[in-house]
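To start, the structure itself, in C-alpha cells.
The values are calculated or read from the model by the stated rules, or taken from the named source; none is laboratory data. What you see is a predicted model; the values in this text were computed from it and never measured. Cβ placement follows ideal geometry from the backbone for every residue including glycine, while neighbour counts extend to all protein chains displayed.
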Amino acid sequence: MGIFKNNKTVRFCYLGLLCLLGGALFFGGCASMEWLFGKEEEKPPSELMDQAMDDLARGYYKSATEAFQKIKDRYPYSKFAIVAEMKMADTLYMQSSYDEAYDAYKEFEKLHPKNPSIPYVIYREGMCNYKQMKSIDRDQTHSMMAKEDFGRLVKRFPKSVYAARARMKIRKCFMDLAQHELYVGRFYFKKKKYRAAAGRFQYALEHYPDVGQYYEALEYLGRCEEKLAKK
C-alpha cells in the first residue's frame, strides 16, 4: 500500500509541476519563454538592415517592415534608423498603399528636412499622387497634388536627377488637368450653359496654354461668346 501511495504522490506532484509550468507559460508569455529558452539574440543594426532589404527585394513586405521597425526601436540613434524610416515608406509604396506611403514620406520630410534623400522623398510624394491620377472625366485632385509636389521638387532641387524625372511628370499632369477643363467645358456647352462653359475654356487658356489644348479651348471660347452675345 505504501508503494502505491508513494506512486500516487509522485504522479500528483508531477501533474502539479506540469500545471504550474503551463500556467507560467500562459501568463508569463514572452518572459517565460525567455526563462526557458533564453532571450532572443539581438542582431546588430547592419545585419537587421541587410535582412530587411533582402526581404523587401523579395517582396516579403511584412517581414521587411518588422525588421525596419526593430531597427527604429532598438537603435533609434544609429545611422540605420533614418534609413529604416524612409524604407518603411518605400515598403508601403511598393504595396500600392499610396495614401499611407504619402503620409510616411511627408513625416520623413518634416522630421529630416536637411537629409540628402529629401529630393527622392519629395519625388515619391509626387508619385504617390501620380499613381492615383484618374481619367479626365473624373476628379483631378491627385493630378493637382502631383503637379504641386513635382513643382516643389523642381523649384527646390532643380539639378537633382529626380527633378528631371519630375519635369516629365509635370507635363502629364498639366495635360490631364487641361483636358479635364475642356471635358467639363464641352459638357456645359452641350447643355447650353455657355457662361459656365466659357469659364472652363478661359481657365484652360490661362493656366494650361502650352500642352496642346490651346486652340481647341480658344475655338470653344469664341463659340460660347457668340452664343452669349445672341441672348
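Residues that are modelled with pLDDT of 50 or more: list the helices (runs of 4 or more DSSP H) wholly contained in the range 1-113 that include at least 3 such residues.
Per the criteria, 2-28, 45-58, 61-74, 79-94, 98-111.
Of all residues in the range 131-163, how many are among the acidic types (Asp, Glu), surrounded by fewer than 16 Cβ atoms within 10 Å (Cβ to Cβ) and within 23 Å of GLU100 (Cα to Cα)?
Of the residues in the range 131-163, 2 are among the acidic types (Asp, Glu), surrounded by fewer than 16 Cβ atoms within 10 Å (Cβ to Cβ) and within 23 Å of GLU100 (Cα to Cα).
Taking the conditions exactly as written (in contact with an Asp or Glu (Cβ under 6 Å, 6 or more places away or on another chain), within 18 Å of CYS224 (Cα to Cα) and touching a residue at least 12 places away in the same chain (Cβ under 8 Å)), does ARG195 satisfy them or not?
no
State yes or no: is ARG152 under 30 Å from SER117 (Cα atoms) and at pLDDT 95 or above?
Considered against the rule, which asks whether it is under 30 Å from SER117 (Cα atoms) and at pLDDT 95 or above, ARG152 comes out as yes.
Within the range 207-231, restricting attention to residues that are among the small types (Gly, Ala, Ser) and modelled with pLDDT of 95 or more, which residue is surrounded by the most Cβ atoms within 10 Å (Cβ to Cβ)?
Per the criteria, the residue is ALA217.
Report yes if ALA166 is touching a residue at least 40 places away in the same chain (Cβ under 8 Å), closer than 24 Å to LEU92 by Cα and surrounded by 15 or more Cβ atoms within 10 Å (Cβ to Cβ), otherwise no.
The answer is yes for ALA166.
Could you run through the range 96-135 and say how many residues are without any contact (Cβ under 8 Å) to a residue 24 or more places away in the chain and either touching a strand residue (DSSP E or B) at 6+ places or on another chain (Cβ under 7 Å) or of a type in the set (Ser, Thr, Tyr) (or both)?
Matching residues across the range 96-135 total 3.
Looking for whichever is crowded, with 16+ Cβ neighbours inside 10 Å, within 17 Å of the chain's Cα centre (by Cα) and free of Cβ contacts under 8 Å to residues at least 40 places away in the same chain here; the options are ALA67, ALA89, ALA81. Which one fits?
From the options ALA67, ALA89, ALA81, the qualifying one is ALA89.
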